[in-house]
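Data first, discussion second: the structure below is written as structure tokens.
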Amino acid sequence: MEHHANVPVHTRLTAEFPELAHLSREDLEDLLTDPQYFQAIFHTLPQVKLLYQGQADLGSANESIAKNNLALQDPLYRLRSETQEAFDRAKHLEARWKEVEKRQREVYQRFDPQFLLMRLRHATTAQDDLSEARANAFVQGSVADADATNLSNKDIDDFVREFRELRKVYHKRVMWGDRWQAGEVAWRDD
């Protein structure tokens, strides 16, 4: 600092800003007191011109980028909309897939060997109950008729034919259930 104390202000200023070396002491004083004169001189300095040129270049580059972004705006909005639609469709299909999978499991369960065996057993029991109920109804109808002569041979033949068919189905189901229990029934997946 002491070094600067001995050097005149004019010399220090022109050393840092050689562009001002051509100005007289009065001009330099006017520069400090007159803001308009200061602005006029300030804007002629090469560093300031370079700064303003860099700022103008950045502004032009920003404007070019902004124009490019605006040109891409509509396609990007369209792409965003298409992406959202595709996402929504995918979510809908995913939910639908879960429902289809659930229905598929339900359908496959109906053809699961254990489920089919259970259904066969229930159907066998139901068939036995049906044939027994038919036989009981026939007997009850005969007993209700005090006069057994009211039953025709046709009524008896019809009952026997129907009862035999019911029992035939029952015995077939029993036979298939027994074979299944013995491991003689094989289920293919095709």
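Here, each number is a calculation from the coordinates, and none is a lab measurement. Keep in mind it's a predicted model, so treat the numbers as computed, not measured. Neighbour counts are summed over all protein chains in view; Cβ atoms, including those assigned to glycine, are modelled from backbone coordinates with ideal geometry.
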On the formula 1/(1 + (r/R0)^6), with r taken between the Cβ atoms of Phe42 and Asn68 and R0 of 45 Å, the FRET efficiency rounded to 0.05 is 0.80
Residue span Leu93 to Ala133: 0.36 nm per residue of separation minus Cα-Cα distance leaves a gain in nm of 9.3 nm
Answer in debye to the nearest 20: the dipole magnitude of the chain about its Cα centre, from +1 Lys/Arg and -1 Asp/Glu charges placed on Cβ, is 1520
Share (percent) of C-alpha pair distances in the chain greater than 27 Å works out to 73
For segment 111-181, using Cα atoms only, the Rg and Dmax in Å read 16.1, 53
Per-residue ellipticity at 222 nm attributable to helices in the chain (runs of n ≥ 4 DSSP H, -39500 (n - 2.57) apiece, nearest 500 deg cm²/dmol) works out to -28500 deg cm²/dmol
About its Cα centre, segment 111-181 carries a charge dipole, from +1 on Lys and Arg Cβ atoms and -1 on Asp and Glu Cβ atoms, whose size in debye to the nearest 20 is 460
Phi-derived 3J(HN,Hα) across segment 52-67 with the Karplus relation (6.51, -1.76, 1.60, θ = phi - 60°), rounded Hz, x for Gly and Pro, is 5, 5, x, 5, 5, 5, 5, x, 5, 5, 4, 5, 5, 5, 4, 4
Per the charge dipole of segment 1-109 (beta-carbon charges, Lys/Arg positive, Asp/Glu negative, Cα centre), the residue among Gln47, Leu13, Leu31 reaching farthest to the positive end is Gln47
The rounded separation in angstrom of the Cα centers of segment 49-91 and segment 94-137 is 63
Expressed in angstrom, Rg and Dmax over the Cα atoms of segment 17-130 are 42.0, 130
